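The values are calculated or read from the model by the stated rules, or taken from the named source; none is laboratory data. Everything numeric in this text was worked out from a predicted model, so none of it was measured. Please note: Cβ atoms are built from the backbone with ideal geometry, for glycine as well, and neighbour counts cover all protein chains shown. Areas reflect the complete protein model, heavy atoms only, side chains present, ligands, DNA and RNA absent. Shrake-Rupley method; radii C 1.70, N 1.55, O 1.52, S 1.80 Å.
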Amino acid sequence: MSRTYDDAAWNEQIEADFHEHAGQITQGRLAGANLLLMRSIGAVSGEPRTAPLGYSRDGDRYVVGGSNSGKPEQPGWLATIRANPVVRVEVGIETFQALATITTGAERQRLWASHVAALPHFANYEQMTERELQVVTLERVAGDA
């Protein structure tokens with residue numbers, strides 16, 4: 001499955017809208033969505049990367065799904081957080097350092113069910129691919145503001 005738009009350009013538009021409207025998305029198919037920006041360092045390139053991600057919450061943790069919009073391959077940011085799990089998160093007007101953890105087993109199942117309940121369109125992504133969608137928690141690093 002291929003997108004009909006350029007991923008990098010789309011991400012730049014989302015990021016610009018996010019910053020222009022204090023962390024709110026006001027345009028396009030994600031208008032009004034709970035969205036955060038996860039900034040990481042590329043696993044291979046060593047270059048900074050930004051991934052706009054829909055999120056749900058589990059207590060103080062943010063939960064994101066590695067859906068890649070239902071594409072057969074994992075999103076690139078999963079390799080990035082495997083190599084460098086400390087990321088920067090922008091949500092609303094707040095920015096903080098977080099530890100990204102790929103969940104497994106019962107915790108993954110519980111978080112996925114909760115994520116899909118909060119963001120039902122993620123169930124569609126799951127149906128579009130044969131791979132198990134990864135569920136990642138983003139937990140604020142103590143002492144980071």
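Figures for the structure shown
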item	result
Heavy-atom accessible surface of the stretch 80-145: percent carbon and sulfur, 1.4 Å	53 percent
GluC sites (Glu not before Pro) within the stretch 74-145: DSSP coil, no more than 12 neighbouring Cβ in 10 Å	Glu130, Glu132
For Ala43, distant residues with modelled amide H under 5 Å away	Thr80
Whether the stretch 23-145 is rounded, prolate or oblate, judged on the alpha carbon gyration tensor where a/c under 1.5 counts as rounded	rounded
